[in-house]
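Asker: Quick one: the structure is below, questions incoming.
Rule-based calculations on the coordinates, nothing more; no lab input. Nothing here was measured: the structure is a model prediction, and the numbers come from that model. Here the Cβ positions follow ideal geometry from the backbone for every residue, glycine too, while neighbour counts run over all protein chains shown.
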Amino acid sequence: MAKEIRTIGVMTSGGDAPGMNAAIRAVARACAYYNVKCIGFYRGYQGMIEGDYCTMTARSVRNIISKGGTILKSARSADFRTVEGRKKAAANLKEAGVDAMVLIGGDGTFRGGKVFSDEFDIPVIGVPGTIDNDISGTNFTIGYDTALNTVVDAIDKIRDTASSHNRLFFIEVMGRDAGFIALNSGVGAGAEEILIPEEDLGLDRLLESLKRSKRSGKSSSIVVVSEGDKIGKNVYELADYVTENLPDYDVRVTVLGHMQRGGTPSCFDRTLASRLCVKAVELLLDGEKNVMVGIVNNRITFTSFDKDFKEAHEINKELLRISDILST
Ligand code: F6P
């Protein structure tokens with residue numbers, strides 16, 4: 001029989017994402033609702049290893065739903081990859097009376113969680129939080145929607161100056177191994193071309209498309225490039241290549257960088273975080289463990305930690321075709 005859960009721990013790990021505070025709030029409030037103690041660990045696995053934690057009550061998470069970042073801070077812990085590190089974490093959890101954990105993060109967080117749970121028999125539930133949206137088992141990760149809106153807003157602003165000067169802008173967006181942000185923001189902002197790691201469109205095609213744009217009388221052009229693009233050149237090299245081959249273009253580069261990870265979470269991300277985290281607490285109380293809660297077709301789903309979360313979360317390549325048509 002599963003052991004009784006009296007205290008649940010929560011942490012945020014990996015790259016921060018808008019909506020993580022809404023997620024922490026939902027864990028703390030659901031614990032309060034079910035009369036379970038809640039403990040928050042700082043800096044993800046590192047705080048578990050160092051015994052850096054605080055008690056969280058329904059009131060201690062007041063007014064954080066609208067805040068970006070994570071009040072529990074986040075980190076990528078190298079120490080947790082060692083068995084010594086994980087032993088320390090397990091000992092600290094025991095001392096704090098923590099019976100189970102909610103882990104908010106990406107696939108690396110879940111991989112660590114599975115090893116830890118198997119080694120020390122501590123039930124864990126994963127909640128997907130990353131702006132990259134690159135986790136299978138869920139249509140959306142917490143932070144992705146906000147990041148998309150941030151990117152579209154930034155591209156709209158760049159478009160203003162691009163069109164005032166008749167310029168071509170290469171705009172690099174985040175997404176280490178995945179083009180979700182690039183593809184969706186590119187369509188949303190009306191980019192002329194979108195370069196993503198999932199599809200190598202080639203340099204010739206890019207030049208052809210830019211020549212076509214020029215001929216059609218466009219006053220500005222935007223090319224959105226995912227940081228993980230596989231075309232073989234980084235965004236600056238791409239800009240140089242186009243300048244050499246199409247000297248009529250006045251080219252500029254903007255790397256949006258970490259501003260994509262900050263800011264007020266959208267309503268969608270707050271609601272997603274709230275739904276997933278209430279379910280995470282309820283699953284632990286029902287004796288479940290080692291699954292990630294996700295959302296597929298607007299229904300909550302569970303995916304075993306045995307799954308490779310990086311595997312085939314398919315990007316909607318139809319959007320490339322749509323973008324092609326609309327950039328005529
Ligand atoms: O995982 C989210 C992400 O923002 C990626 O898109 C990006 O490559 C990476 O984190 C950057 O991480 P950091 O600067 O925190 O090491």
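Asker: Please give me the summed charge of the neighbours of Ser136: other residues whose Cβ is under 10 Å from its Cβ, Lys and Arg +1, Asp and Glu -1.
Answerer: Residues close to Ser136 contribute a combined charge of -3.
Asker: What ranking do Ser164, Ser221 get, fewest neighbouring Cβ atoms within 10 angstrom at the top?
Answerer: Sorted ascending by nearby Cβ count, the order is Ser164, Ser221.
Asker: Once both axes come from the Cα atoms, what is the angle between helix 203-215 and the longest principal axis of the chain, in degrees from 0 to 90, rounded to 10?
Answerer: Once rounded, one gets 60 degrees.
Asker: Over the stretch 145-261, what is the mean sequence separation of C-alpha contacts under 8 Å (at least six apart), divided by residue count, expressed as relative contact order in percent?
Answerer: Relative contact order for the stretch 145-261 comes out at 38 percent.
Asker: Among Cys54, Cys31, which comes first, then next, by fewest other beta-carbon atoms within 10 Å?
Answerer: The most exposed by this proxy come first: Cys54, Cys31.
Asker: Pairs to check: Lys67/Lys87; Lys233/Lys317; Lys67/Lys310. Give those whose C-alpha atoms are more than 26 Å from each other in this structure.
Answerer: Among Lys67/Lys87; Lys233/Lys317; Lys67/Lys310, the Cα-Cα distance tops 26 Å for Lys67/Lys87; Lys67/Lys310.
Asker: If you don't mind, there's one more thing I want to ask. Rounded to the nearest 10 degrees, what's the angle between the helix 83-96 long axis and the longest principal axis of the chain, both from Cα atoms, 0 to 90?
Answerer: Orientation of helix 83-96: about 60 degrees from the principal axis.
Asker: Can I ask one more? Assign one of three labels to the stretch 145-261, namely rounded, prolate or oblate, based on the Cα gyration tensor with a ≥ b ≥ c the square roots of its eigenvalues; rounded applies when a/c is under 1.5, prolate when it is not and a/b is larger than b/c, and oblate otherwise.
Answerer: Verdict is oblate for the stretch 145-261.
Asker: What ranking of Cys267, Cys277 emerges when the number of other C-beta atoms within 10 Å of each C-beta is taken as an exposure proxy, fewest first?
Answerer: By the 10 Å Cβ count, ascending, the order reads Cys267, Cys277.
Asker: Please identify, among Ala182, Ala23, Ala91, the residue showing maximal mean-square fluctuation in a Gaussian network model of the chain using a 10 angstrom Cα cutoff.
Answerer: Most flexible of the set in this elastic network: Ala91.
Asker: Let me ask something additional. Just to check I understand the Karplus step: with θ = phi - 60° and J = 6.51 cos²θ - 1.76 cosθ + 1.60, what whole-Hz values come out for the stretch 71-80, glycine and proline as x?
Answerer: 5, 8, 6, 9, 7, 10, 8, 6, 4, 6
Asker: Need one number: % antiparallel among DSSP beta bridges in the chain, to the nearest 5.
Answerer: Antiparallel bridges: around 25 percent, rounded to the nearest 5.
Asker: A follow-up question, please. Give me the percent of DSSP beta bridges within the stretch 145-261 that run antiparallel, rounded to the nearest 5.
Answerer: So the antiparallel bridges in the stretch 145-261 amount to around 5 percent.
Asker: When the helices in the chain are scored as -39500 (n - 2.57) per DSSP H run of 4 or longer and the sum is shared across all residues, what 222 nm value do you end up with, to the nearest 500 deg cm²/dmol?
Answerer: -12500 deg cm²/dmol
Asker: Using the crude model of +1 on Lys and Arg Cβ and -1 on Asp and Glu Cβ, and no other charge, please compute the dipole size for the chain relative to its Cα centre, in debye to 20.
Answerer: Dipole magnitude for the chain comes out near 1140 debye.
Asker: For helix 20-33, what angle does its Cα long axis make with the longest principal axis of the chain, in degrees from 0 to 90 and rounded to 10?
Answerer: Roughly 30 degrees between the two axes.
Asker: Compute a Gaussian network model of the chain, connecting alpha carbons closer than 10 Å, and tell me which residue from Asp286, Asp269, Asp308 fluctuates the most.
Answerer: Of Asp286, Asp269, Asp308, the Gaussian network model singles out Asp286 as fluctuating most.
Asker: Based on Cβ point charges of +1 for Lys and Arg and -1 for Asp and Glu, what charge dipole magnitude is obtained for the stretch 145-261 about its Cα centre, in debye rounded to the nearest 20?
Answerer: Here the size comes out at about 360 debye.
Asker: Now for a different question. Within 10 Å of each candidate Cβ there may be at most 12 other Cβ atoms; applying that plus a DSSP loop requirement, which trypsin sites (Lys or Arg not before Pro) in the stretch 18-83 survive?
Answerer: The qualifying sites are Arg62.
Asker: Follow-up question, since we're still on this one. For the stretch 10-139, build the charge dipole from Cβ charges (+1 Lys, Arg; -1 Asp, Glu) around the Cα centre, then report which of Val115, Tyr42, Ala32 sits farthest towards its positive end.
Answerer: Ala32
Asker: Let me ask another. What is the distance in Å between the Cα centroid of the stretch 29-90 and that of the stretch 112-128?
Answerer: After rounding, the separation between the Cα centres reads 14 Å.
Asker: Using the structure shown, select from Lys3/Lys94; Lys73/Lys230; Lys73/Lys307 the pairs with a Cα to Cα distance greater than 22 angstrom.
Answerer: Lys73/Lys230; Lys73/Lys307, as the Cα separations exceed 22 Å there.
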